[in-house]
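First up is the structure itself, then whatever we jot down about it.
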Amino acid sequence: MSNEFVHTGQTFTGRGDAYCPLERKRRGPAALGAALTVLIAGGAFLVFSAASTPTRLPEAPIATALPVSAEKVAPFVNPASTKNAVTADDATGAKDSIEAVLAESRAARAPLALAGAEPPAPQGLSPRIKPNAKMQVAATETDLVETAGVAPSLKPEVPTPPPVSLMQVAKTQYASNEDGPPPVFFASDLVRKDILRISPAIVFAADIAQEPEEIRVRLSRGENFVEALKRAGISAADANAAAYAFGKHQDLRRLLPGQEFALTVGWPNQTLFEMAAQHNAPDARLLGLEFRADAENRILMKRVNGGEMVAEKKTVPLTTRIMSIAGRINGSLYMSAKHVGAPDEVIANLADAFSYDVDFQREIFGGDEFEAIFEVKYDDQGKLVSAGDILFARLNWRGRSREKGYYRFLGDDGRPDFYDATGQSAKRLLMKTPIDGARLSSGFGSRKHPILGYRRAHKGVDFAAPRGTPVKAAGDGVIERANRYGSFGNYVKIRHANGYETAYAHLNGFARGMRAGKRVRQGDIIAYVGTTGRSTGPHLHYEVHLRGTAVNPQRLKIDTTGKTLEGAALAEFKEEKARIDAMRMPEETREALYARDERNAQGAL
């Protein structure tokens, strides 16, 4: 291969070796950095060694050699300088003498070796030294040295050298003897005690569990079931699964704003590092749900072992109690009844019971008395959830000039109704007021028309009420028309028995199903208050016609149209009346309550 330039920057030398200038340029700074690193590390080590002061051990003097024995020892004879001939017998004798000396030395050390001690040195003499092997046999068979009976050579006594200071680094030093180890050791001291030191990363690696919590969420306006759960922090998967299970017992489209759900939620276990790394809180897992559909029905939902959401509907038994109220009217019947603790349902039923006898707009005065005995229902938590039927109602009105009381009794036809003390039904052919909570704004007769500007006959009465207030049928009958009718706007006309007809004008709209030819019962909602047609504001124009002639609804005298109890029914009614009378407040108690109400009213003024 010839020398040529390659696009990678690689060339070849004359010997054919690859050479890359770019690679050399890249390796140069790396090699220089490595060299500088080694140099800096070596300099740091030298500085550290120079700055560290070694610890010196206590000086230990070297043992002094014992003095040489006073016995005269025959001088050593150099075999080379001996000119006398040595015979074979002399050599054999010398060999035996050496073996005898060695045997004596071993015998002297044997007891001491068994006792584990060193043999003591003789008084004033240095210890014997084992002869050198070269001294035992220093010559060949023809040249032996006689050493029998001669002691080995001893090192002459020398002056004691100065003590040597030994240097040792990294040895344990004790401030006092008490800091050292005890002289006696126990078996437990010899057992190695290792302290388990676990890294924090391992300690906090275990799952950190959170206890389940119960939260309550209310359905907002324009919000559905799934959106409410998501707002509470529930994951989308759990919210959809809950909607599927919940929808089997409750129509999700009929949920109303303000209804509340009790949720039991939990969170997945996390490590400390997972909790620290997350910017947002994890989605909660739905464990259970409780919903009160009404006072008696509950929907309970929970998560089973397989993770599936299961819902069931339960009926909660209610406890029925009897409550009695009594008071005097101060301002309005509604406010006075609320003051003594009457629920709204009871006040409405009380007004319905006397709707055939009393015009609550014109015939109620301050100081009139009312009394009611009714049923109330409590749930399993002791909370008042609903008010039942009125058992007895009494009203003393028109400045306490008129008084009536009605008892609730179930007739032969199975329909409850109110009867007076003689067993006569309280029901009339027509109601005096077909609307609740209204104010009489214009009476019957001639008047100046507010829009036309001149006087003309007003063949009905006007009840001012908020737009959308329900309008009731004044009596049983058949609808003749329910449509728009000239200046009356939306108009309804009903034909009743005995030649009576009622008309309702300026309505905002009709109730569902209201059309010509439909039969209605007294008290059914037929329309809603409005201001259609020639009207200056929301109100109900109400007319009553008797055989085609308009009559004043406020002065209408209509006999009772209900039945009168007789025979066995009357006997049962009297038993029920006696039972209810036993529940009424004593006259003294009622008078005390009336006096208290009067004092409170005077104090308020």
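The values are calculated or read from the model by the stated rules, or taken from the named source; none is laboratory data. Computed from a predicted model, the values in this text were never measured in an experiment. Because the Cβ atoms are built from the backbone with ideal geometry, glycine has one as well, and the counts that use them run over all protein chains shown. Ligands, DNA and RNA are stripped out before the accessible areas are found, and what is left, the full protein with its side chains, is counted by its heavy atoms. Shrake-Rupley method; radii C 1.70, N 1.55, O 1.52, S 1.80 Å.
Before moving on, here are some points about what is shown:
- R394 vs. criteria under 15 Å from I580 (Cβ atoms), of a type in the set (D, E, K, R) and either open to solvent by less than 40 Å² (accessible area, probe 1.4 Å) or in a helix (DSSP H, G or I) (or both): yes
- Per-region count, segment 261-284, residues open to solvent by 70 Å² or more (accessible area, probe 1.4 Å) and within 27 Å of E223 (Cβ to Cβ): 4
- Only one of the numbered conditions (1) assigned to a strand (DSSP E or B); (2) over 23 Å from E572 (Cα atoms); (3) of a type in the set (D, E, K, R) is not met by R400, and that is (1).
- Qualifying position, being at pLDDT 90 or above and over 26 Å from Y419 (Cα atoms), among G548, G603, G517: G517
- Candidate set from segment 223-260 (those that are open to solvent by 60 Å² or more (accessible area, probe 1.4 Å), part of a helix (DSSP H, G or I) and in contact with a Ser or Thr (Cβ under 9 Å, 6 or more places away or on another chain)); member that is nearest to K313 (Cα to Cα): E227
- Per-region count, segment 336-366, residues open to solvent by less than 40 Å² (accessible area, probe 1.4 Å) and part of a helix (DSSP H, G or I): 7
- Filter pass, G453 being more than 29 Å from Y419 (Cα to Cα), among the small types (G, A, S) and either open to solvent by less than 30 Å² (accessible area, probe 1.4 Å) or at pLDDT 90 or above (or both): no
- Any hit, segment 305-317, residues being closer than 26 Å to P586 by Cα and either within 40 Å of the chain's Cα centre (by Cα) or open to solvent by 40 Å² or more (accessible area, probe 1.4 Å) (or both): no
- Some residue of segment 443-458 being under 27 Å from L350 (Cβ atoms) and either among the aromatic types (F, W, Y) or touching a residue at least 40 places away in the same chain (Cβ under 8 Å) (or both): yes
- Qualifying positions in segment 276-300 - hydrophobic (A, V, I, L, M, F, W, C) and in a strand (DSSP E or B): A284, L286, L287, L289, F291, I299, L300
- Selection within segment 463-475: residues that are of a type outside the set (S, T, Y) and closer than 12 Å to I525 by Cα. The member of this set that is surrounded by the most Cβ atoms within 10 Å (Cβ to Cβ) is A474.
- Number of positions in segment 484-499 that are of a type in the set (F, W, Y) and open to solvent by less than 30 Å² (accessible area, probe 1.4 Å): 1
- Elements of the type strands (runs of 3 or more DSSP E) sitting completely within segment 406-500 and holding at least 3 residues that are touching a Gly at 6+ places or on another chain (Cβ under 7 Å): these cover 490-495.
- Filtered residues of segment 475-490 (kept if in contact (Cβ under 8 Å) with a residue 40 or more places away in the chain and within 19 Å of L546 (Cβ to Cβ)): G475, D476, G477, V478, I479
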